[in-house]
1. Can you tell me how many residues in the range 9-19 are surrounded by 14 or more Cβ atoms within 10 Å (Cβ to Cβ) and either of a type in the set (A, V, I, L, M, F, W, C) or over 14 Å from the mean Cα position of the chain (by Cα) (or both)?
2. Just to verify a result, which residue in the range 1-38, among those that are outside any helix (DSSP H, G or I) and small (Gly, Ala, Ser), is modelled with the lowest pLDDT?
3. May I ask you to list the residues in the range 179-225 that are touching a Leu at 6+ places or on another chain (Cβ under 9 Å), assigned to a helix (DSSP H, G or I) and among the aliphatic types (A, V, I, L, M)?
4. Would you check if there is a residue in the range 78-88 being under 30 Å from Thr201 (Cβ atoms) and either surrounded by 16 or more Cβ atoms within 10 Å (Cβ to Cβ) or of a type in the set (Phe, Trp, Tyr) (or both)?
5. Which residue pairs have Cβ atoms under 9 Å apart, sit 6 or more places apart or on different chains, and have a first residue in the range 1-20 that is on the phi < 0 side of the Ramachandran plot and a second that is aromatic (Phe, Trp, Tyr) and part of a loop (DSSP other than H, G, I, E, B)?
Amino acid sequence: MLEEMMEVLLGLPRYFWNAYALQNDPYSRRLSHAQRNRFAQGARQEAAGIARCKKEIYHKMTVSEILAFHGISVWEMPPAEWGQKVPFAIFEEPSLICIDRRNAECCQHLLEQSALAYILKGHSVEELLLAHELYHWFASKGETPFTRKNHVLLWKIGPFESRSQIPALEEVGAMTFAQEFLDLGFDPFILDLPLTYCHSTELAQRLYDRILNLWQTIEGEQHVR
Ligand SMILES: [Zn+2]
């Protein structure tokens, strides 16, 4: 079952994952689909550039070696209450990453069982999650000016105005960074499904349905245009 779902997700275009990432962002709701896509593409371009640059700097170092080199600690995620939705990994400033290793290993195992491990090109799910978090560390050091820019106008009165960042853009950047840094051919947002599946098959089914719904909505809008 998971294999068929994954095949469908692997066939979705990149702009779909932009919409997926930004759909729940409170600030991006003020933007049109075209604007969201433009900002997401900007975040992707910036993150891909950072990944290329870092690959040259850290020549052949693994993600774990880079984290250790910068004194970034990696801890096991504290156990969650049953049924509670937990992140797969998180970065806490200034230099801590918490990761749910058991979940990452379960996801790795699932991909191997479903003959889908080839998409990782020899990397592990854990390495991919750590690469994602490494990007958040670079972002915290001010290396992602576009992604952290205050893009959204909240209000404007005469010469005064208030603008906000779009937090979900940093997730788009982190996924793009992980993809480019590890030379993967798929959008890492796809792993949300098997990672959720390890947590709860029911939640994974609901996530899959939500993804398909969103895809139908986006496709519908494209036909209207
Ligand atoms: Zn993240």
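The values are calculated or read from the model by the stated rules, or taken from the named source; none is laboratory data. Not measured: the values here are computed from a predicted model. Quick reminder, even Gly has a Cβ in these numbers, built from the backbone with ideal geometry, and neighbours come from all protein chains shown.
1. 5
2. Ser32
3. Selection gives Ile190, Leu191, Leu193, Leu195, Ala204, Leu207, Ile211.
4. Going residue by residue through the range 78-88, those that are under 30 Å from Thr201 (Cβ atoms) are 78-88.
When the remaining residues are screened for being either surrounded by 16 or more Cβ atoms within 10 Å (Cβ to Cβ) or of a type in the set (Phe, Trp, Tyr) (or both), the result is 82, 88.
Yes: one or more hits.
5. Correct list of pairs: Leu9/Phe186; Leu10/Phe186.
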